[in-house]
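Take a look at the structure below.
Read-outs throughout are calculated quantities, based only on the coordinates presented, and are distinct from any laboratory measurement. What you see is a predicted model, and the numbers here were worked out from it, not measured in a lab. So basically every Cβ, Gly included, is an ideal-geometry build from the backbone, and we count neighbours across all protein chains shown.
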Amino acid sequence: MIKLFTLVFLLIALAPAAARAQAGHEYSPLEEKTVGYKNWTLKDLEDDKPVDLRSLVQGKKLVMVVYFAPWCGNWRHEAPVAAKLYEKYKAHGFQVIGVSEYASRDEVRAFFGPTGPPYTVVTESELREDREKTAHYGYRQLTGDTRRWGSPWNIFLEPAKLTKEGDLLAEKAWVVNGELIEADVDKFIAERLVPKTAAMIEPCKN
């Protein structure tokens, strides 16, 4: 009986991981985590000039910062989803910022092609040897991401709720330790950016 119970428990525990790994994907739920996310200044892919996160989020309502390695298959799955969400909600104050990791800037440029990325991309690291030295790695440890490379890793910031000064931007934030589940993230964004219209409100019945 004990063996049977143990087997059932293991099957239940492993089911989500199996589902996330289906067809080579690493889907992960959107969860609020304590992360202690800090401001950064990194080099812009487009013009090679340093830019800081506080300046990039000014005037925005919701920002998704996605850390990725251009050679990662899971990032290749998520990239079109991130671009789609950006195009859908950018007029409502949504911004996507990519942070490239563990690959040269030329590799990142090659990934996005001649037209370049549809949103701002900056670089934190260029060498695979730096895997455990990056802020990206530190945040993943804090949020329970046990993957080796952690690409992609997504964090959502609401600029209006960020600290006004200092290095610390947000003690808690919504993160995805893996690929976005598009339907869930789409709903999350819409709830924060798209106001309910009059047509969606049920009229009073006399």
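Under the 0.36 nm per residue contour assumption, what length would be gained going from the current alpha-carbon distance of residue 76 and residue 61 to full extension?
Details: separation 15, 0.36 × 15 = 5.40 nm, distance 2.64 nm.
Residue separation times 0.36 nm, minus the Cα-Cα distance, leaves 2.8 nm.
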* Per-residue HN-Hα couplings for the stretch 154-167 [Karplus 6.51, -1.76, 1.60; θ = phi - 60°; Hz; x = Gly/Pro] -> 10, 9, 9, 10, 10, x, 5, 9, 6, 4, 7, 7, x, 6
* What are the residues whose amide H is under 5 Å from the amide H of residue 169, where those residues sit 5 or more places off or on another chain and H is modelled from the backbone? -> 37, 38, 39
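Based on other C-beta atoms within 10 Å, arrange 104, 55, 151 from fewest to most. Can you show the working numbers first?
On the way: 104 13, 55 10, 151 27.
Ascending Cβ contact count within 10 Å gives the list 55, 104, 151.
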* ³J(HN,Hα) computed for each position of the stretch 69-86 - Karplus, 6.51 cos²θ - 1.76 cosθ + 1.60, integer Hz, glycine/proline x -> 10, x, 8, 7, x, 5, 5, 5, 5, 7, 3, x, 5, 4, 5, 5, 5, 4
* Asked: Hey, what do the phi angles of the stretch 184-189 turn into as Karplus ³J(HN,Hα) couplings, whole Hz, using 6.51/-1.76/1.60 and θ = phi - 60°, x for Gly and Pro?
  -> 5, 6, 4, 5, 4, 5
* Asked: Say each of residue 92 and residue 172 gets a label point 7 Å from the Cα, pointing the same way as Cα to Cβ; how far apart are those two points in nm?
  -> 2.3
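Neighbouring Cβ atoms within 10 Å as the yardstick, rank 196, 90 fewest first. Walk me through the intermediate numbers first.
Working: 196 8, 90 15.
Fewest-to-most Cβ neighbours within 10 Å comes out as 196, 90.
List 86, 139, 67 from most exposed to least, where exposure is judged by having the fewest other Cβ atoms within 10 Å. List each step's numbers first, then the result.
On the way: 86 18, 139 23, 67 26.
Least to most surrounded, the residues fall as 86, 139, 67.
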* Between residue 26 and residues 5 or more places away or on another chain, which pairs have amide H atoms under 5 Å apart, with H built 1.01 Å from N, and which residues are they? -> 179
* To do: Quick one: work out the % antiparallel among DSSP beta bridges in the stretch 16-131, nearest 5.
  => 30
* Asked: If you take the beta carbon distance between residue 44 and residue 146 as r and set R0 to 30 Å, what does 1/(1 + (r/R0)^6) give as a FRET efficiency, to the nearest 0.05?
  -> 0.45
* Asked: Given 20 °C and 1.002 mPa s, how large is the Stokes-Einstein diffusion coefficient of the stretch 24-184 in µm²/s, with Rh as the Kirkwood radius over Cα pairs?
  -> 136
* **Distant-in-sequence amide H partners of residue 44 (H built 1.01 Å from N, under 5 Å)** => 49, 51
